[in-house]
Every structure is written in structure tokens, then in C-alpha cells.
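Heads up, the thing below is written out as C-alpha cells.
The values are calculated or read from the model by the stated rules, or taken from the named source; none is laboratory data. A quick note: this is a predicted structure, and the numbers were derived from the prediction, not measured. Cβ placement follows ideal geometry from the backbone for every residue including glycine, while neighbour counts extend to all protein chains displayed. Remember, those area values only see protein heavy atoms, side chains included, never the ligands or the DNA or RNA. Shrake-Rupley method; radii C 1.70, N 1.55, O 1.52, S 1.80 Å.
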Amino acid sequence: MDKLLYIAMSGAKQNMQALSINANNLANAKTTGFKADLAQARSMQAYGEGQPSRVFSMTERASQNFDSGSVLHTGRSLDVAIEGDGFFSVQAEDGQEAYTRGGHFRLTETGALETNDGELVIGEDGPITLPLPVNNIQISRDGTIMVQPEGAPSSVQEEVGRIKLVNPDTRLVEKGNDGLFRAKNGGQLLADVNVNVLGGALESSNVNPINEMTEMIALQRQFEMQLKMMKTAEEIDASAASLLRAF
């Protein structure tokens, strides 16, 4: 009897974890450059005293869907989308280098280039800072940032930095709780000159809301089934106890 109850209990718990991953995807359906998390379940033996005769399920965020989202043309000079594979390099809150597909950039009061979430954009020589005030900011396909200095003629363009673009094997990076990707070995990735960007555009989230809603309904049904199994186990246990009292 305990086996039935244990399996149903662990299944219900893992369904709740899968629902949290699913809900997070739905919440980021409009987040620029977001990559949907993938959930998978596997059987695990429960080790302890005696033989490992119990098996429970474990749901984990195995990886992400790295398919590109659709390109949205905004015409804004500091909006940048990566064409194909690759990532922008940014400085995370902990000071370490991290990677993102979100290219909705902005300038701080000091001229520092940062993401919409406040991470500094990293160039070939560290965080990128533009000499304010500037006009006519342009970002070329290789990530080079050109600006027109204040008071200079429109024909004058000055290079102020180049965004560090990387293209690692996706199996070698992992996603943190802050939504940024990092190298699994804890190091920094090398720049890849073959990564191209498109100025005046953003990459949308690759979350498919319809698929996520369908998956949410399926997970809720599975959770209800697990609860019914737990109720059935309780009823069978009560019936067995009643029979024992009769004798």
C-alpha cells in the first residue's frame, strides 16, 4: 500500500514542479530574446536504509529551446537582434560575464550601454561606454558601434566599441535563475567574428503560448489523477483496517 501512496505523492510533487516551469515560460512569452525552458521527468531510486526498492519521479529543467524567435523591426538605433545562432555578452549582477539574446539596449546617464534589465553590455575591451552627448548611433552587422559626435558633421562617424558576440555549443552553457546563460566551466567564452546582428530590430520570445497552455492543462489533469490515486490508497487502507478489526 505504501508503494502506491509513495508513487502518487512523488508524481504529484513533480507535476507541480513541471507546472512552475510551464508557468514561467508563459510569463515570458513577451520577453525579448527569451528561450523556453524544457522540462523532463526521469525515474530515480530512493536510497536509504535497506534495499533501494522504492522509485520516485524527478522533474528537472533539462535544457532550453534554442530555436530563434521571430524578428520584430522597431527602427530604434539601440535595438539589436542576433541573426542565427549566438549571444550578446553582458556583465551580470555578480560581476561575472554572462550571455543573453535580449538586445533591447539603452544608455545610462554616464553613457554606459546596458540591457533593459540593467546588465552592462561587454565589448572587446570590457563594458562599453559612449562619449556623451552623441548623435546618430549605428550598430553594424559585426557589432561595431559608430556614433556622430555632438557638433560634428553628419559625414563624421566615430567607432566607440564593438559588442562581444559569442556562439558556443549550447550544450556547454546553462541558464541561471536571472535568465542569463553562463559557461558550465565557469570561464569566459571567446568572441566569434562570424556572428552577425541586425540593427533596429529585436528577437521575440520563442515561447509558443498555445503549446504551453495545452501542456499546462495536461499537467493539471495528471496532478488530479495523482491526487485520486492517493485518495484510493487511503480508501483501500481503511478497508483493510476494517477487515482486520472484524477478525
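Would a scan of the stretch 60-73 turn up a residue that is in a loop (DSSP other than H, G, I, E, B) and within 30 Å of GLN45 (Cβ to Cβ)? Yes, that holds for at least one residue.
Among the residues making up the stretch 113-143, those that are closer than 27 Å to LYS175 by Cα and surrounded by fewer than 20 Cβ atoms within 10 Å (Cβ to Cβ) are GLU114, ASN116, ASP117, GLY118, LEU120, GLU124, ASP125, GLY126, PRO127, THR129, ARG141, ASP142.
Only one residue in LEU189, LEU227, LEU172 is in contact with a Pro (Cβ under 6 Å, 6 or more places away or on another chain) and closer than 30 Å to ASN25 by Cα. Which one?
LEU189
Taken over the stretch 144-153, the criterion of being out of contact with any Gly (no Cβ under 8 Å at 6 or more places or on another chain) and surrounded by 11 or more Cβ atoms within 10 Å (Cβ to Cβ) is satisfied by MET146, VAL147, GLN148, PRO149, ALA152. Looking at the stretch 154-173, can you tell me whether even one residue there is out of contact with any Leu (no Cβ under 8 Å at 6 or more places or on another chain), closer than 17 Å to GLY95 by Cβ and surrounded by fewer than 16 Cβ atoms within 10 Å (Cβ to Cβ)? So far as the stretch 154-173 goes, no, none of its residues is out of contact with any Leu (no Cβ under 8 Å at 6 or more places or on another chain), closer than 17 Å to GLY95 by Cβ and surrounded by fewer than 16 Cβ atoms within 10 Å (Cβ to Cβ). For the stretch 74-99, taking the residues that are acidic (Asp, Glu) and outside any loop (DSSP other than H, G, I, E, B), the one that is surrounded by the most Cβ atoms within 10 Å (Cβ to Cβ) is identified as ASP79. Among the residues of the stretch 227-247 satisfying the criterion of being open to solvent by less than 90 Å² (accessible area, probe 1.4 Å) and over 18 Å from LYS3 (Cβ atoms), which is modelled with the highest pLDDT? So, considering only residues that are open to solvent by less than 90 Å² (accessible area, probe 1.4 Å) and over 18 Å from LYS3 (Cβ atoms), the one modelled with the highest pLDDT is SER242. Could you please let me know if GLY186 is assigned by the TED database to the domain that holds ILE137, open to solvent by less than 30 Å² (accessible area, probe 1.4 Å) and among the small types (Gly, Ala, Ser)? Answer is no for this residue. If you go through the stretch 103-112 and keep only what is open to solvent by less than 10 Å² (accessible area, probe 1.4 Å) and either of a type in the set (D, E, K, R) or in contact (Cβ under 8 Å) with a residue 40 or more places away in the chain (or both), you end up with just GLY103.
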